[in-house]
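One structure is given here, and the rest of the page talks about it.
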Amino acid sequence: MEDQQIIALFFERSQRAVAELSEKYGKLCRSLSLRIVGDEQDAEECVNDAYLAVWDTIPPQNPSSLSAYVCKITRNLSLKRYRHNSAQKRNDLYERSLDELSECIADGRDVEYRLDEKELTASIDRFLGMLNPVDRVMFVQRYWLCCEITDIASNLKKSKNYVNVHLYRTRTRLKEHLSKEGYL
Amino acid sequence: MRENIENAIANIDEKYITEALDRMDIKPAQHKARRIVLKTAAIAAAVLIIFFGSLTVAVGAGSLPAYKLMRSIDPAVAEKLTPVNESCVDNGICMTVEGINVDGGSAEICVSLTDLEGDRIDETTDLFDSYSIRSTAEGAYGCAFLDFDQETKTATYMIYIDQDTPINGDKLNFSVSQLLTGKKDGHYRLSEIGSDIPTVQPTKTAGTVNTRGSSLGEKYSDWDWDEWDWYEKEVKLLDPDPEQSFSPTDGVIITAWGWVDGHLHVQALYDDIFHLDNHGYVYFESDETLNPDFDISFWDEEQVNSYEEYVFEDIMPQDLESGSFWGRFVTTPPDGHICGDWHVSCVIK
């Protein structure tokens, strides 16, 4: 079923809306959540909560990309769950991707120093806009969708080494970009 | 600081998320596998033999048409199937799950398609890798065409699923969302590529285009992908030449050919590959068949059509007099891409 048809079902408040959403994007959302929380049961709960959040927000929201919309909600809920759980169990996959990214702004400043996150997001958006599509997709799959390098290589039909090298170069460029824009 | 970047990255523009999601492969390697199968028919046959030959456990089945059909192909496979006979109609096409067998993480599902309104289903109809079971596990998927019944306009397939973890629950939800039909599979002589082939100086390399992948011939078969990756980036790629372009069949255009640094390149453009799955390969036929040493595929600017550049490193100019270029192309007409929402729940016994 097309995304617009699923969104129309939400607008009609049809019970089929969630079933269709789950049918089309359930697997994607579960795998995204699992990569963050690292636990199948937690992931399942996060995805169910995400469906409920989609139900509660459409309408009035009418997302242009249903996949990005439901993934964003799933990601946020999964991060929330992960932060709640992380005192007991840490998920290596998510931590590794965050460690890599954090190196871009690790500059020895006081830990209390806080950047304006909205401005930082805008700066990262500008940076992403300057990348070529393949490097941008790699970056987003790694640091937003938390994919393993192997999976990114498979998604983009590239070698693992290619993905590693390109991600490294992109992080280096991000650091330069953030420095140029005054964040470092 | 770590939290800063974590929160900032969480809110990046949705268009970048959508772009990345569009390149996520839920069932990895399906398209690549298809391409390899096309090039090596022997492997395709072996897969079917392994597939049919590996089924051993017997489960009683009813008198379903698919069961009869399966019996005629391999009685052991037929005996394993549990009858389901559940149907779903959408877009005037009826999908019936005839029978299933689930064993741990493996499943075989016998499915038939019947056009209730016309003649869209034929012996070329393909499920286009759009079938799925509801599962979070990753696994290998395959689909074998079994039969087309002209009288009932019914095509029958066997789908096999092999995933790492057991298929859980007492129900299996099976769905199909796209079909390709009216496909043509043929060998076409590319007589426009004569023996007077120009030497050209391309302006781009594989490192400067949006590549989709590559296929390696025997010469490169023992290279690892990292090694190939560095080599590939330097390969020069032809600029499409409107003067040379011709279409051997609908959906395929030969866009350029020429000598590049002593190697013979032939470039093809396949229309709308995501919807029509147009694909193929080029080869040189003389006393023997000479396949390309490698080919590199890359997107056009809109990322809708795909170029494929075939490189023959060992053909010499004098060889061209004694043979000719051919292409094997599998194409689908634009109206052959049918979307629908066919889904059936099967009880697993």
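Let me confirm one metric for peptide A:15-27, namely the mean number of other chain beta-carbon atoms within 10 Å of its residues' beta-carbons.
2
May I ask you to sort A:CYS46, A:CYS147, B:CYS88 by Cβ crowding, counting other Cβ atoms within 10 Å and putting the fewest first? Walk me through the numbers before you get to the answer.
Details: A:CYS46 27, A:CYS147 24, B:CYS88 18.
Fewest-to-most ranking of A:CYS46, A:CYS147, B:CYS88: B:CYS88, A:CYS147, A:CYS46.
Quick one: length gained pulling A:GLN61 to A:GLN4 fully straight, 0.36 nm per residue minus the C-alpha distance?
Value of the extension gain: 19.3 nm.
Between A:SER14, A:LEU28, A:LEU79, whose Cα lies farthest towards the positive end of the dipole of segment A:3-85 when Lys and Arg beta carbons carry +1 and Asp and Glu beta carbons carry -1, centred on the Cα centre?
Highest projection toward the positive end goes to A:LEU79.
So what's the projected area for segment B:185-331, the Cα convex hull averaged over all directions, in nm²?
Averaging across all directions leaves 8.5 nm² for the Cα convex hull.
Quick one: Cα centre-to-centre distance for segment A:146-184 and segment B:216-254, in angstrom?
26 Å
What's the exposure ranking of B:SER322, A:SER154, going from fewest to most Cβ atoms within 10 Å? Could you put the intermediate results ahead of the total?
Details: B:SER322 11, A:SER154 18.
Listing B:SER322, A:SER154 from fewest to most nearby Cβ atoms yields B:SER322, A:SER154.
At 7 Å along the Cα-to-beta-carbon direction for both B:ASP103 and B:ASN168, put a label point, then send me their distance in nm to one decimal.
Label-label distance for B:ASP103 and B:ASN168, simple model: 2.3 nm.
Please find the FRET efficiency linking B:PHE274 to B:ALA144, where r is the Cβ-Cβ separation and R0 is fixed at 30 Å, and quote it to the nearest 0.05.
Working from the Cβ atoms, E equals 0.85.
Would you mind checking the pairs A:LYS157/B:LYS236; A:LYS24/B:LYS153; A:LYS180/B:LYS236; A:LYS160/B:LYS233; A:LYS158/B:LYS219; A:LYS158/A:LYS180 and listing those with alpha carbons more than 26 angstrom apart?
Beyond 26 Å: A:LYS24/B:LYS153; A:LYS180/B:LYS236; A:LYS158/A:LYS180.
Rounded to the nearest 20 debye, what is the charge dipole size of segment B:185-331 about its Cα centre when +1 sits on each Lys and Arg Cβ and -1 on each Asp and Glu Cβ?
In total the dipole reaches around 240 debye.
Which ordering of B:GLU285, B:GLU301 is given by a fewest-first count of other beta-carbon atoms within 10 Å?
Sorted ascending by nearby Cβ count, the order is B:GLU301, B:GLU285.
Would you grab the residues whose amide H sits under 5 Å from the one on B:VAL84? Only those 5+ places off in sequence or on another chain, please, with H modelled 1.01 Å from N.
Answer set, sorted by chain and number: B:GLY99, B:ILE100.
Read the figures in this text as sums done on the coordinates, not as results from a lab. The structure displayed is predicted, hence computed values, not measured ones. No Cβ is skipped: glycine too gets one built from the backbone with ideal geometry, and neighbour counts run over all protein chains shown.
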